[in-house]
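The structure under discussion appears below in the form of structure tokens.
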Amino acid sequence: MRNQFSKAIVLGAIAIVLFTGIAGAQPPAPAAAGAQAAPAAAGSSAITNPTYVSVVMEANVNKPAAEVWARVGKYCDIGEWLRVACTIVSGKDGEVGTVRSIGTEILVGKTELSYTYTQPVRAGQPYIQYHGTLEARPVTATTSKIVYTLMWDNSPLADDAAREADKTRRRTQFQTAVDNMKILAEGGTLPPAPARGAGGAGGGRGGAPGGAPGGAPPAGGRGQ
């Protein structure tokens, strides 16, 4: 009887050890529905809960797409139609990986009649994934459309009013740029640039208006 009792005690102890080991190996329970993810580590540029937005600016052009692109589609042609200084910092104009001085922007994709760029991650600033795509889109054999698309994360801004103001600012600034491209592509001359701070694009990072393209939002914002 004593031996049987001792065996029962030993078996019970083994079972407890095995159960404890299995329980410790289980993955953590999933977060409850609606719970927010943990914030990014201090000093990180990652944004925990991004909200991506976009704006699209267009202009019809009375020129074939290839001619439009030849006139306004080089990577530093932005200096002419956005009215800012532009130089190639590294790489070669038109090659993927090229960096231009405006916003330290990197050319990340291109086709025969388009290119896409982004801005780099900056230490101590939220990375808002800012991207821009410029395209000369054929419509007929003799006409085309300039299409400029911006995409970014506006979640770092303070509130809905700030986010809407930021979106409006970008749309206004880049629609003017698209209209300037149309004028140039059709052989016209741009009107005099508005004075800085008087309805113009304003000042921004890297000497570009509004930090363009993308740039810093108005005072109080924390994005690029």
Give the Rg (one decimal place) followed by the Dmax (whole number) of segment 78-186, computed from C-alpha coordinates and expressed in Å.
15.2, 49
In nm, to one decimal, how far is the modelled label at Val108 from the one at Thr143, with both set 7 Å along Cα→Cβ?
3.4 nm
Scan around Ala59 for amide H atoms under 5 Å from its own, H built in the peptide plane at 1.01 Å from N, and keep only partners 5 or more places away or cross-chain.
Ile146
In sequence order, calculated HN-Hα J values of segment 167-172 (Karplus, 6.51, -1.76, 1.60; Hz; x Gly/Pro):
5, 5, 4, 5, 4, 5
Sequence-distant aspartates and glutamates (8 or more away, or on other chains) whose Cα lies within less than 18 Å of Lys182:
Glu58, Glu67, Asp77, Glu80, Glu135
FRET efficiency, 1/(1 + (r/R0)^6) with R0 30 Å, evaluated for Ala193 and Arg122 via beta carbons:
0.60
Between Gln175 and Ala161, what is 0.36 nm times their sequence separation minus the Cα-Cα distance? Round to one decimal in nm.
2.9 nm
Residue separation times 0.36 nm, minus the C-alpha to C-alpha distance between Glu67 and Gln129: what's the value?
19.2 nm
Mean-position separation - Cα centroids, segment 122-168 and segment 57-97, in angstrom
16 Å
In whole Hz and in residue order, list the ³J(HN,Hα) couplings for segment 55-62 that follow from phi through the Karplus curve 6.51 cos²θ - 1.76 cosθ + 1.60, θ = phi - 60°; x for Gly and Pro.
9, 10, 10, 9, 7, 7, 10, 8
Using a simple spin-label model with points 7 Å from Cα along the Cα→Cβ vector, what separation in nm is obtained for Lys74 and Thr87?
1.6 nm
Amide H of Glu105 versus every other amide H placed in the peptide plane: which residues, excluding those fewer than 5 positions away on the same chain, fall under 5 Å?
Arg100
May I ask you to evaluate 6.51 cos²θ - 1.76 cosθ + 1.60, the Karplus curve with θ = phi - 60°, for each residue of segment 99-113 and list the ³J(HN,Hα) values in order in whole Hz, giving x for glycine and proline?
10, 10, 5, 5, x, 6, 7, 9, 6, 10, x, 7, 10, 4, 10
Per-residue accessible area, 1.4 Å probe, largest first, puts Ile88, Ile128 in the order Ile88, Ile128
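The values are calculated or read from the model by the stated rules, or taken from the named source; none is laboratory data. Owing to the predicted nature of the structure, the values given are computational and were not obtained by experimental measurement. Note: ideal-geometry Cβ built from the backbone for every residue, glycine included; neighbour counts use all protein chains shown. Areas reflect the complete protein model, heavy atoms only, side chains present, ligands, DNA and RNA absent. Shrake-Rupley method; radii C 1.70, N 1.55, O 1.52, S 1.80 Å.
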